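Following: one structure in structure tokens, then a few remarks.
The values are calculated or read from the model by the stated rules, or taken from the named source; none is laboratory data. In this text the structure is predicted, and so the values were computed from the model without any measurement. Here the Cβ positions follow ideal geometry from the backbone for every residue, glycine too, while neighbour counts run over all protein chains shown.
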Amino acid sequence: MWAAAADKRSRGLLLGATACRPHWAAKGLQHQDGFSLVQAASLANCRAHAPCFAGELAVILDHGMRRVLEEQEDEFLYLT
């Protein structure tokens, strides 16, 4: 999904929830993706983040939305 957003030169926010591997493997393959953040960060117009705390998330969203909306940068945020 983030690769398609990069190809279309999308702007905005993309939420994903597969940043790390849990200890249980019975949940399905969508929970075993440990590399999406690394791969998304390699794209030129993708700003990939894995926030741990609510304060961190607030700063990332504020900064990212300012760049996309006010400065009209051609990029998107990928949050895991």
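Restricting the range 23-78 to residues that are among the acidic types (Asp, Glu) and surrounded by 15 or more Cβ atoms within 10 Å (Cβ to Cβ) leaves a set whose member that is modelled with the lowest pLDDT is Asp33.
Applying a threshold of 7 Å to beta carbon distances and a minimum spacing of six or more residues, or different chains, the list of pairs starting in the range 1-22 at a residue that is surrounded by fewer than 17 Cβ atoms within 10 Å (Cβ to Cβ) and ending at one that is at pLDDT below 75 and assigned to a loop (DSSP other than H, G, I, E, B) reads Thr18/Asp33; Cys20/Gly34; Arg21/Gln32; Arg21/Gly34. The set of residues from the range 55-80 being acidic (Asp, Glu) and without any contact (Cβ under 8 Å) to a residue 60 or more places away in the chain comprises Glu56, Asp62, Glu70, Glu71. Among the residues of the range 34-55, those identified as of a type in the set (A, V, I, L, M) and not in a loop (DSSP other than H, G, I, E, B) are Leu37, Val38, Ala40, Ala41, Ala48, Ala54. Residues in the range 56-80 that are in contact with a helix residue (DSSP H, G or I) (Cβ under 6 Å, 6 or more places away or on another chain) and either assigned to a helix (DSSP H, G or I) or over 14 Å from Ala6 (Cα atoms) (or both): Thr80 alone.
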